[in-house]
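Only one structure is covered here, and it is reproduced in the block below.
Just so you know, all these numbers are worked out from the coordinates, no wet-lab data involved. Only a predicted model underlies this, so the values are computations on that prediction, with no experimental measurement involved. Positions of Cβ are backbone-derived with ideal geometry, glycine not excepted, and every protein chain shown enters the neighbour counts.
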Amino acid sequence: MRSHYCGQLNETLVDQTVTLCGWVHRRRDHGGVIFLDLRDRDGIAQVVVDPDTAEAFANADRARSEFVLRIEGRVRLRPEGTQNPNMPTGMIEVLAKQVEVLNAAATPPFQLDEHGKVGEEVRLKHRYIDLRRPEMIEKLRLRSRISHSVRAFLEGEGFLDIETPVLTRATPEGARDYLVPSRTHAGSFFALPQSPQLFKQLLMVAGFDRYYQIAKCFRDEDLRADRQPEFTQIDIEASFVEEADIMGITESMIRSLFKDVLDVELGDFPRMTWHDAMQRFGSDKPDLRIPLELVDVDDLMKDVDFKVFSGPANADDGRVAALKVSGGASLSRKEIDEYTKFVGIYGARGLAWIKVNERARGIEGLQSPIVKFMEDVIETLLDRVDAKDGDIVFFGADKARIVNEALGALRVKLGEDLNLYTCEWSPLWVVDFPMFEADDNGRLSPLHHPFTSPSCSPDELKSNPAEALSRAYDMVLNGTELGGGSIRIHDQAMQKVVFEILGIAEDEAREKFGFLLDALQYGAPPHGGLAFGLDRLVMLMTGARTIREVIAFPKTQSAACLMTDAPGEVSADQLKDLNIRLRQKAKVEDSE
């Protein structure tokens, strides 16, 4: 029906006849001449309709916003003074010979160029309208290019694209499963995969030593700006590899991707241990564009007459850390109060601070309600954080976990608010993660997943699991975890030890993971891999604020689809087929 997309038109087509199909972006009537801005996925073209083409003019006259048109006409240069150099097709226009209305349109719920004035709920309810916006088209076009570039790179490296099941069994991977009731196996359930983890390991056992998949994954968890109940993963696994092999391949893939799609040369990928990342930045995914670091001052605070500091400084699980912001003394008290509220989100009970107005004057040159408690250590403290006139020093004092989360988040917020970024892109590898993390009751759980290999022997792991490190690695970019992976356990004995430490009894392990344990005894090769979050990657590369902006049909933060009104109720007959009876809430009788 069309010869060209609107965005393809340029001066080389002058005097040629073209046929365009698209939507009316804007209609203007200028003294009997009608101007139509016709839009398709590639751009917008200006169409001129004169009254001397009676039928075409009549159809153009009744066209309104979002009508679907087919237009045939001659490309010509725009008259002098009407050209628009800021528009790709701004030097030409199409003089219409024929205008055909392919479909009328009701008045849209919002104008595409005024989407910012409507709430996200309205946009998601009418997502098919929202997706017509050039910004959304460009984001999804770039997502397609990213997927294509990744596939081309991995296939060039000898990886095979192999699909794994979507209906599988529930396994503990750190989040709740989405369960699917079975009609043919009454009382039993499938689970939608949180990742293809076990199947890709089985592919390694089977001898497919380089696998990849752009896979849909599902997690029934509380959502945030960068989370969705269903998401897409670039899943990679290889055999006969060590950490350096997987990290080298995937780093090359990301470098190639950024060069291919954005024409960006990424700099070095430094390596940082998990312990260093937590101590220096309070996060295992630090944004290295921000030149702020946490500095330990526990030793200076153990004997101060200020229990808010001395308590955590003397506690085994406590931490007192300082965060110096150069030039931060200009922050107002109102701004400091706002930052105090902010760290409260992460459990901090307050935010102590010292403004360094004139250091040469000693205590008199400092502004803070807490200086009087630390006169004996103040000079050492200021030297340690390298404080200068005009700086402010923030403090966190609590359990180490709270201090890390609160000051780590404050560091990122200060970087954004004060525009402290030193570069556009800053990648790194975080390595040497702990094998396990302990909850408040001391119970251990895997920091990644229970199939990650420790960097010690089974006996060493068994004797001191809390101190064991794993062979895991995360790629981080601009404070966002792009992907995480590890060398996997390929020895049945080691896998049994890990299950034992996690409190997974032998019969439970056999019941849930028997197929994996069996496979490990039939010549499982050393193997490892890494999974990238495609949605997060696209979000970063497009500059989007949330992953909802780079997914065609996303869910809300309550895991609902406003457009289709999902999840929804099903009929009694469907429930009966599945042997399911819903538990109804008891009706409360009005006693009055």
- Query: Could you give the distance between the Cα centres of the range 1-52 and the range 246-268, to the whole Å?
  - Reply: 39
- Positive-end residue, the chain charge dipole about Cα centroid, Cβ charges, pick of PRO270, GLN98, LEU179: GLN98
- Count charges around ARG143 for me, please; just the other residues with Cβ under 12 Å from its Cβ, Lys/Arg as +1, Asp/Glu as -1. +1
- Item | Karplus-derived HN-Hα couplings along the range 508-517 (A = 6.51, B = -1.76, C = 1.60, θ = phi - 60°), whole Hz, x at Gly and Pro | 5, 4, 5, 5, 8, 10, x, 5, 6, 4
- Note on the structure: Farthest towards the positive end of the dipole of the range 251-304, among VAL304, LEU288, LEU257 and with Cβ unit charges of +1 on Lys and Arg and -1 on Asp and Glu, lies the Cα of LEU257
- Computed, not fitted: 222 nm per-residue ellipticity of the chain from DSSP H runs ≥ 4 (each -39500 (n - 2.57)), nearest 500, equal to -9000 deg cm²/dmol
- What is the distance in Å between the Cα centres of the range 379-457 and the range 77-153? 42
- Size of charge dipole - the range 407-450 - debye, nearest 20, with Cβ of Lys, Arg +1 and Asp, Glu -1, no other charges: 20
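GLU358 to CYS423: FRET efficiency via 1/(1 + (r/R0)^6), r the Cβ-Cβ distance, R0 35 Å, to the nearest 0.05?
Details: r = 33 Å, r/R0 = 0.93.
That pair, GLU358 with CYS423, gives E of 0.60.
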- Message: From Cα pairs below 8 angstrom and at least 6 apart in sequence, can you work out the relative contact order of the range 159-297, rounded to a whole percent?
- Response: 16
- Task: Please give the FRET efficiency for TYR522 paired with SER256, using the beta carbon to beta carbon distance and R0 = 41 Å, rounded to the nearest 0.05.
- Result: 0.70
- Query: For the chain, with the dipole built from +1 on Lys and Arg beta-carbon atoms and -1 on Asp and Glu ones, taken about the Cα centre, which of SER455, PHE342, GLN8 lies farthest toward the positive end?
  - Reply: GLN8
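Just check the range 1-151 against the gyration tensor rule for me: Cα atoms, a ≥ b ≥ c as the square roots of the eigenvalues, rounded for a/c under 1.5, and otherwise prolate or oblate depending on whether a/b exceeds b/c.
Since a/c reaches 1.5 but b/c is at least a/b, the shape of the range 1-151 is classed as oblate.
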- Query: Per 5 Å bin, what is the whole-percent P(r) computed from every C-alpha pair distance within the range 366-421?
  - Reply: 4, 14, 20, 23, 24, 12, 2, 0
- Query: Please state the relative contact order of the range 290-422 as a whole percent: Cα pairs under 8 Å, 6+ residues apart?
  - Reply: 36
- For the range 482-579, just say rounded, prolate or oblate: build the C-alpha gyration tensor, square-root its eigenvalues into a ≥ b ≥ c, call rounded for a/c under 1.5, and beyond that prolate if a/b exceeds b/c, oblate if not. oblate
- Once you have a ≥ b ≥ c as the square roots of the Cα gyration tensor eigenvalues for the range 290-422, tell me rounded if a/c is under 1.5, and otherwise prolate or oblate according to whether a/b is larger than b/c. oblate
- Message: For the chain, take the longest principal axis of its alpha carbons; what is the angle in degrees between that and the long axis of helix 492-501, to the nearest 10 within 0 to 90?
- Response: 70
- Query: What is the dipole size for the range 130-214, taken about its Cα centre, with +1 at each Lys and Arg Cβ and -1 at each Asp and Glu Cβ, in debye to the nearest 20?
  - Reply: 300
- May I ask you to derive the relative contact order of the chain, considering only C-alpha pairs under 8 Å and at least 6 residues apart, and to give it as an integer percent? 13
- Note on the structure: In the neighbourhood of HIS25 defined by beta carbon distances under 12 Å, the net charge of the other residues (Lys, Arg +1; Asp, Glu -1) is +3
- Ellipsoid equivalent to the chain - semi-axes via the Cα gyration tensor, in Å: 50, 37, 26
- Item | Cα-centred dipole magnitude for the range 290-422, charges only on beta-carbon of K, R (+1) and D, E (-1), debye, nearest 20 | 400
- Query: When ranked by the protection proxy of mean other Cβ atoms within 10 Å per residue, highest first, what sequence do the peptides 417-425, 534-542 form?
  - Reply: 534-542, 417-425
- Item | Cβ-based net charge around ALA360, under 12 Å, with every Lys or Arg adding one and every Asp or Glu removing one | -1
